Amino acid sequence: MDLSIFLIQCLNSLQYGLLLFLVAMGLTLIFGIMGVINLAHGSFYMIGAYMAYALSPIVANAFGGGFFSVLVVGLVLAVILGYFLEWAFFSFLYDRDHLQQVLMTYGLILVFEELRSLLVGDDVHGVQPPDFLAGVIPLGDVMTYPVYRLFISAVCLLLALGMYYIFTRTRLGMMIRAGSTNREMVQSLGIDIKLLYRIVFAAGVALAAFAGMISAPVSTVYPGMGSQVLIICFVVVVIGGIGSIRGAFLAAMLIGFVDTFGKVLLPEAAGVLVYVLMALILLWKPDGLFKTS
Amino acid sequence: MPHSELLVEAHDLHAWYGSSHVLQGIDFKIGRGETVGLLGRNGMGKSTLIRTLLGHIKQRDGHITVRGKDMSKAKPHEVARMGIAYVPEGRGVFPNLSVRENLIMAARRGLDGRNDWPYERILETFPRLQERIGNMGNQLSGGEQQMLSIGRALMTHPDLIILDEATEGLAPLIVEEIWRVIATIRASGIATLIVDRNYHKVLANSDRALVLQKGQVVMSGTAKTIEQSDELTGYLGV
Ligand SMILES: Nc1ncnc2c1ncn2[C@@H]1O[C@H](COP(=O)(O)OP(=O)(O)O)[C@@H](O)[C@H]1O
Ligand SMILES: [Mg+2]
């Protein structure tokens, strides 16, 4: 493999890993802190991608368009959706057993897919990156790399750092971490745990939807994209250790590289490589890379 | 005691765990700056009374007012926000937060804007915590966890601190230190509700006391009269 191809694959791995991390972060937090297995998490990614597609003409009419306006409007809608879903459905799941959680969130997947089908149909769509990010930069003498992919990596990295900062340095982050170990004590300190959960959930939905929106121009928008992401994100969460943000980051990067390079070096086995990776890591560390309490 | 001076007043409290009727009609009150001792053998309902007052027990009945406001149906965080802090049995230190984070996560001013227990004063009061400031909650000894739990309660600038078995399982020297801290807290004008095995210590540090037996109040009065009563040792099984 020559150097510029290697570099391109590294950049692709990075971009894929960071994107996975954004989605998996919400999944691992919702599981680790509220104890809810959320099968519908992949749907938020799908909803984001479809928003990127469907909102652009609407936003163009209302605000004169623009890629960033679509991102902002989509993000606001995702937060609202997260708040609503937590209030209407997920807040009833915290004390239930996993089977009930799986049943309800699976039901939600069906609802979301049906709604998507009714609202925007079942076709595959493409989304154009904004003009000023549509170019390529040269890599070596013959190869080039799309600017938009670099943009995705940069934005995801900024978001990941921002979330890490909130989680580790702010009082909100401390409350969230505390809530994962002793709910009663958190409440006894005067903190509204339900509000805390709602914030975490809405943030998780917003991150997944944002990942879907921002990746739409490189991945195309298609029915079933949610389930695909969900499965790989569960692999991330399990490898990383349930509830661990650091673990999710490491696992997402690992999968980003293994999957991307697997497709180049071992195309016959590419589909199973990440699962082999998961099995090996679980044999070595049954609780994942970072075990949380 | 004038009504406005009452912090917490509860009337005819009942609580259940499933079908077992654990509190059976308890009246309770505590005033501003007052220290009340809560005595009774193991399993008589002391912790349950506390957790009912704090809104943690869902299956409850009766009337609770805090500062004259009806809190019978309030959620735990609403009760806490009325100026009541809780140092629970088992300490409730967050194992995955550092000592510093345990302290500052819930810091807030008192309802009257009071800020006389800032972070620095907590660390002066508990030098041991200062030494362990970067350690995680689960790396602390029992005594250090207890100090952290009390320090964290103080950071919320409460008007009442409830201490449930604060000296349990601690070495005698640490127990002495905890009692010293409790005296400091009392002296700073914060009301306290104390549960402890050592009833002599409780009564020596309280204005009033009540004794629970099987979910009912069997004795109540000033600490002095309770101490001198002949029935006390019978109720406590000592
Ligand atoms: N979570 C619980 N579930 C069921 N029963 C409980 C629970 N907690 C306490 N009890 C029972 O309630 C009674 C009162 O317990 P508790 O309030 O903890 O007593 P104390 O604090 O005075 O030792 C005991 O009989 C105890 O076994
Ligand atoms: Mg008890």
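The values are calculated or read from the model by the stated rules, or taken from the named source; none is laboratory data. None of these values were measured; they are calculated from a predicted model. No Cβ is skipped: glycine too gets one built from the backbone with ideal geometry, and neighbour counts run over all protein chains shown. The protein model used for the area step is the full one, side chains on, heavy atoms only, and it has no ligands, DNA or RNA in it. Shrake-Rupley method; radii C 1.70, N 1.55, O 1.52, S 1.80 Å.
Between A:Thr181, A:Phe21, B:Ala106, the Cα set farthest toward the positive side of the dipole of the protein assembly as shown (charges on each charged residue's Cβ, about the Cα centre) is that of B:Ala106. Computed with the Debye formula from one identical point scatterer per Cα of segment A:3-284, without solvent, the log10 of I(q)/I(0) at q = 0.11, 0.13, 0.14 Å⁻¹ comes to -0.65, -0.91, -1.05.
When the accessible area of chain B is computed with all protein chains present and a 1.4 Å probe, what percentage of it is carbon and sulfur? Carbon-and-sulfur percentage of accessible area, whole number: 49. Of the whole protein surface, B:Leu53 contributes about 10 Å² of accessible area at a 1.4 Å probe radius. Volume of the convex hull of segment B:1-115 (Cα atoms only), normalised per residue: 133 Å³.
Rounded to the nearest 0.05, the FRET efficiency derived from the C-beta distance between B:Ala183 and A:Ile166 at R0 = 41 Å is 0.55. With angles folded into 0 to 90 degrees, how steeply does helix B:142-155 sit against the dominant principal axis of chain B? Use alpha carbons for both and round to 10. With rounding to tens, the tilt is 80 degrees.
With the helix formula -39500 (n - 2.57) applied to DSSP H stretches of n ≥ 4, chain A reaches a computed 222 nm mean residue ellipticity of -25500 deg cm²/dmol. In a reduced charge model with +1 at each Lys and Arg Cβ and -1 at each Asp and Glu Cβ, segment B:129-238 shows a dipole moment near 140 debye about its Cα centre. Electrostatic bookkeeping for B:Val99 treats Lys and Arg as +1 and Asp and Glu as -1; over the other residues with beta carbon under 11 Å from its beta carbon, the sum is +1.
Under a 1.4 Å probe, what is the accessible area of chain B per residue, stated in Å²?
Details: 10110 Å² over 238 residues.
Each residue of chain B exposes 42 Å² on average to a 1.4 Å probe.
For segment B:135-238, state which trypsin sites (Lys or Arg not before Pro) are in a DSSP loop and have at most 15 other beta carbons lying within 10 Å of their beta carbon. All intermediate terms of the calculation are to be shown ahead of the outcome.
Details: sites: B:Arg152, B:Arg180, B:Arg186, B:Arg197, B:Lys201, B:Arg208, B:Lys214, B:Lys224; in loops: B:Arg197, B:Lys214.
Sparse-neighbourhood loop trypsin sites (Lys or Arg not before Pro): B:Arg197, B:Lys214.
Please pull out the direction-averaged projected area of segment A:44-169, using the convex hull of its alpha-carbon atoms, in nm² to one decimal place. Dividing the Cα hull surface by four gives the mean projection, 11.8 nm².
In chain B, the longest principal axis of the Cα atoms and the axis of helix B:172-187 are about 80 degrees apart. Pull out a ≥ b ≥ c, the square roots of the eigenvalues of the alpha-carbon gyration tensor of segment A:101-224, then state rounded if a/c is under 1.5, prolate if not and a/b is larger than b/c, and oblate in the remaining case. Note, shape of segment A:101-224 comes out oblate.
Once backbone amide H atoms are built at 1.01 Å from N, B:Thr192 has B:Glu34, B:Thr35, B:Val36, B:Ile161 as its partners under 5 Å, excluding neighbours fewer than 5 places away on the same chain. Across every direction, the projection of the convex hull enclosing the Cα atoms of segment B:181-238 has a mean area of 4.1 nm². Based on every Cα atom in segment A:2-62, Rg and the maximum pairwise Cα distance Dmax equal 16.6, 48 Å.
Close amide H partners of B:Tyr86, meaning residues 5 or more places away or on another chain with modelled amide H under 5 Å apart, are B:Ile162. Between A:Val276 and A:Phe6, the simple spin-label model (points 7 angstrom out along Cα→Cβ) gives 2.2 nm.
Quote the relative contact order of chain A in percent (integer), defining contacts as alpha-carbon pairs under 8 Å separated by 6+ residues. If you can, show how the numbers build up before the last one.
Numbers: 426 pairs, mean separation 110.1, N = 293.
About 38 percent, as a whole number.
Only loop residues by DSSP count here, and only those with at most 14 other Cβ atoms within 10 Å; note down the chymotrypsin sites (Phe, Trp or Tyr not before Pro) in segment B:143-237 that meet that. When the chymotrypsin sites (Phe, Trp or Tyr not before Pro) of segment B:143-237 are filtered for loop state and at most 14 Cβ neighbours within 10 Å, nothing remains. Using a 1.4 angstrom probe on protein heavy atoms only, the contact between A and B buries about 1900 square angstrom of accessible area, both sides summed. Based on the Kirkwood approach, the hydrodynamic radius assigned to the protein assembly as shown is 26.2 Å, with every pair of different Cα atoms included. Note that segment A:36-48 has calculated 3J(HN,Hα) couplings of 9, 7, 10, 5, 7, 4, x, 4, 5, 5, 4, 4, x Hz, one per residue in order, obtained from phi through the Karplus relation 6.51 cos²θ - 1.76 cosθ + 1.60 (θ = phi - 60°); glycine and proline are x. For segment A:213-220, backbone phi angles converted through the Karplus equation (6.51, -1.76, 1.60; θ = phi - 60°) give residue-by-residue couplings of 5, 6, 8, 3, x, 9, 10, 6 Hz, Gly and Pro being listed as x. The residue among A:Phe84, A:Ser43, A:Thr144 whose Cα reaches farthest toward the positive pole of the charge dipole of chain A, with charges on the beta-carbon of Lys, Arg, Asp and Glu, is A:Phe84. Nonpolar atom fraction for segment A:3-284, defined as the carbon and sulfur part of the 1.4 Å probe accessible area, stands at 71 percent.
State the dimensionless ratio Rg/Rh of segment B:3-226 (Rg: radius of gyration of Cα atoms; Rh: Kirkwood radius). My calculation puts Rg/Rh at 0.95.
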